[in-house]
Amino acid sequence: MKVYLDTVGCRLNQSEIETYARQFSAAGYTLVATMEEADLMVLNTCAVTAPAASDSRQKIRQARRAGVDEIVVTGCWSTLKPEKAAAMPGVTRVVPNVDKDTLVPDLLQIDVNEFDLEPIAREPVPGARMRTRAFIKVQDGCDNRCTFCVTTVARGAGRSRSVMDVVADVRSALKGGAQEVVLTGVHLGSWGHDFEQPEHLRQLVEKILEINEVPRLRLSSLEPWDLDAEFFDLWRDPRLCRHLHLPLQSGCGRTLRRMARKTTPENFGELVAAARQRIPGVAITTDVIVGFPGETDAEFAESLDFVKSINFAGGHVFTYSARPGTAAARMPNQVHNYTRKERSAAMRAVLEAADLKFRQQFVGTQQAVLWETVAGMGGDYWELHGLTDNYLRVVAKADRDVWNQITTTHLTAVENGSLRGEIAFMELDLRGDKR
Ligand code: SF4
């Protein structure tokens with residue numbers, strides 16, 4: 001049987017379909033790159049925003065039109081709307097998030113313990129979701145109650161995967177040739193808190209860095225309240241990518257309280273200062289919500305000023321949209337749509353300017369770049385797109401295919417949303433400094 005795997009939304013969803021890929025391969029199924037070739041499709045849906053939920057439904061319709069016989073749906077949207085998902089034409093099975101880790105063995109009626117994934121190297125999922133970087137799920141669910149968040153509703157209580165399971169996935173990714181491993185979760189920073197002997201994410205990172213073959217290790221989004229200055233000492237190891245995605249959500253203390261966020265602008269600012277002091281060249285990116293219920297002009301101005309003062313290396317702006325089932329959706333003083341749009345434009349402009357300023361400081365330096373997409377441009381050169389450890393997007397030309405390799409690259413200019421690079425094919429260490 002031919003299987004097509006697809007997902008909408010976060011890195012956690014991506015990491016889950018990568019595990020499904022190994023399980024289907026272990027069971028002797030063929031993975032295909034398009035819906036048109038597939039007999040069975042598994043879709044991991046998302047509900048974080050209304051557009052994400054709509055994309056999920058759109059993919060189900062596309063699969064139906066493409067003639068896929070069996071459509072299996074899992075993920076946050078179908079967990080929150082199981083009847084709606086089951087009623088969509090072509091859907092043969094809806095698997096709630098709590099059961100998604102055994103989706104493949106349950107579907108194939110194979111005892112999960114019969115799956116010997118150890119020999120199965122991670123291979124990029126064929127098709128649109130092909131990724132060079134290996135996303136490794138280390139944690140699921142969340143015990144926080146941020147009032148705007150539907151993920152905590154859809155994914156349930158926080159639960160961590162064992163060190164053994166995580167290390168096994170990391171080894172499988174390395175066996176498959178991954179040059180970068182990305183740890184991901186719903187609330188990554190809470191990894192280990194639910195163990196009988198509680199542990200901290202720091203310990204998991206140290207365990208993974210004990211594996212010498214790990215070329216690059218990146219951490220996904222981290223809630224600021226889970227971190228302290230000492231956590232940043234981990235970055236003495238040059239394999240740890242100098243990128244921290246710390247969702248701020250608002251730069252105004254009063255708004256943060258209505259969001260039930262366990263941080264303040266002051267604490268956030270101190271944490272950023274500690275990170276910059278310990279990790280030179282670190283990229284700090286963020287998420288900001290604008291137009292949250294009750295956000296006055298004064299509160300928004302405070303948030304904007306604070307974001308300006310932090311000089312992020314970039315970030316996402318979410319225009320608040322009420323998600324059914326969240327506390328914020330029931331709050332008074334919902335902000336007018338027009339005002340939300342205005343604030344979104346203003347916040348984007350601030351983050352884009354900071355992003356450009358961050359990139360400009362690396363012109364003239366050399367950095368190690370992992371090349372993720374490579375396109376033959378006819379003749380004898382290739383157009384490359386890649387990423388530095390501190391999350392700089394780089395484009396370059398090369399006379400050879402260096403897909404999924406890390407190379408020395410001189411950064412020569414800022415170009416659109418990236419940096420233009422020239423590859424110097426010579427030895428160097430992971431942070432771009434000549435050996
Ligand atoms: S920490 Fe807050 S925003 Fe993040 S998943 Fe948990 S409830 Fe949602």
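The values are calculated or read from the model by the stated rules, or taken from the named source; none is laboratory data. Note that this is a predicted model, so its numbers are computed, not measured. Please note: Cβ atoms are built from the backbone with ideal geometry, for glycine as well, and neighbour counts cover all protein chains shown. Surface accessibility is based on the protein's heavy atoms, side chains included, excluding ligands, DNA and RNA. Shrake-Rupley method; radii C 1.70, N 1.55, O 1.52, S 1.80 Å.
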Order the following by accessible area, largest value first: VAL290, VAL167. Probe radius 1.4 Å; ligands, DNA and RNA are ignored.
VAL167, VAL290
How much solvent-accessible surface does VAL112 expose, in Å² to the nearest 10, with a 1.4 Å probe and all protein chains in place?
60
Over the alpha carbons of the chain, what is the largest minus smallest coordinate on each principal axis, giving the biggest first in Å?
60, 55, 50
Listed pairs LYS100/LYS137; LYS59/LYS84; LYS2/LYS81 exceeding 18 Å between Cα atoms
LYS2/LYS81
Probe 1.4 Å, all chains present, heavy atoms only: HIS316 accessible area in Å², nearest 10, is 100
Percent relative contact order of the chain, based on C-alpha pairs within less than 8 angstrom and at least six residues apart?
10
Enter the accessible area of GLU422 (Å², nearest 10), with the probe set to 1.4 Å and all protein chains included.
110
From the phi angles alone, apply the Karplus equation (6.51, -1.76, 1.60; θ = phi - 60°) to region 137-142 and give each ³J(HN,Hα) in whole Hz, x where the residue is Gly or Pro.
6, 10, 7, 9, x, 7
Per the Cα gyration tensor, region 366-423 corresponds to an equivalent ellipsoid with semi-axes, largest first in Å, of 17, 12, 10
Got a sec? Charge dipole of the chain, +1 on Cβ for Lys and Arg, -1 for Asp and Glu; which of HIS385, VAL414, VAL335 is way out at the positive end?
VAL335
Taking 8 Å as the Cα distance limit and 6 or more residues as the minimum spacing, I'd like the relative contact order of region 141-201 as a percentage.
32
Roughly how big is region 1-126's charge dipole about its Cα centre, with Cβ charges of +1 (Lys, Arg) and -1 (Asp, Glu), in debye to the nearest 20?
700
Please get the size of the charge dipole for the chain, origin at its Cα centre, with Cβ charges of +1 on Lys and Arg and -1 on Asp and Glu, quoted in debye to the nearest 20.
1200
Expressed in Å to one decimal, the Kirkwood Rh of region 1-82 from all distinct alpha-carbon pairs is 12.7
Per the beta carbon screen (other Cys under 4.7 Å), unpartnered cysteines of the chain come out as CYS10, CYS46, CYS76, CYS142, CYS241, CYS252
Rounded to the nearest 5, the percent of DSSP beta bridges in the chain running antiparallel is 40
Ignoring any ligand, DNA or RNA, what whole percent of the accessible area of the chain comes from carbon and sulfur when the probe is 1.4 angstrom?
51
At 1.4 Å probe radius, can you tell me the per residue accessible area of the chain in Å²?
43
For region 366-423, what does the relative contact order come out to in percent, with C-alpha contacts under 8 Å and a separation of six or more?
35
Could you tell me the extents of region 104-263's C-alpha atoms along the three principal axes, largest first, rounded to whole Å?
52, 41, 38
